[in-house]
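Here is the structure we will look at.
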Amino acid sequence: MPKFYVESGPVRLIFDAPAAKQAAVMAFQWTCDKQAEIEAASPLDHMLEAEERGWQLWDEVSVNEQGFDRWDGEVFEMLDIFETWLRCPLAIV
């Protein structure tokens, strides 16, 4: 199974996945899992803490098989990744 380097904003993760898009969805799931650990009084506090800890993805997710900070990989819009995750969240685990 290929290894993918996934980055978005401060988040940098490495996943074994069958395809680049699945690696991006796995990164989204990782941020969801990490953010579930945050106990905040308000949604704004939750968002601020997630950003402070570096667990917040930006609007685009870059995925590459060669490493981080490369321009020759695939870039996915977060909305597309979210919609894919909604359709089949358990299929990526």
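The values are calculated or read from the model by the stated rules, or taken from the named source; none is laboratory data. Note that the structure is a prediction, hence the values are computed from the model and not measured. Every residue, glycine among them, receives a Cβ derived from its backbone with ideal geometry; neighbour counts consider all protein chains shown. Accessible surface is based on the protein model in full, side chains and every heavy atom, while ligands, DNA and RNA are left aside. Shrake-Rupley method; radii C 1.70, N 1.55, O 1.52, S 1.80 Å.
Open to solvent by 40 Å² or more (accessible area, probe 1.4 Å) and under 10 Å from the mean Cα position of the chain (by Cα): which single residue out of Trp71, Trp55, Trp30 fits that description?
Answer to the selection: Trp30.
With (1) farther than 15 Å from Gly9 by Cα; (2) modelled with pLDDT of 90 or more as the list, and Val61 as the residue in question, which single condition is left unmet?
Here Val61 clears every test but (1).
Which of the residues spanning segment 33-52 are open to solvent by 60 Å² or more (accessible area, probe 1.4 Å) and not in a loop (DSSP other than H, G, I, E, B)?
If the condition is that a residue be open to solvent by 60 Å² or more (accessible area, probe 1.4 Å) and not in a loop (DSSP other than H, G, I, E, B), then Asp33, Pro43, Leu44, Asp45, Met47, Leu48, Glu51, Glu52 are the ones that fit.
Looking only at residues in segment 1-20 that are at pLDDT 95 or above and within 10 Å of the chain's Cα centre (by Cα), which one is surrounded by the most Cβ atoms within 10 Å (Cβ to Cβ)?
Filtering first and then ranking leaves Val6.
Return the total of residues in segment 2-17 being over 11 Å from Thr31 (Cβ atoms), of a type outside the set (Phe, Trp, Tyr) and assigned to a strand (DSSP E or B).
Summing the residues that are over 11 Å from Thr31 (Cβ atoms), of a type outside the set (Phe, Trp, Tyr) and assigned to a strand (DSSP E or B) in segment 2-17 gives 5.
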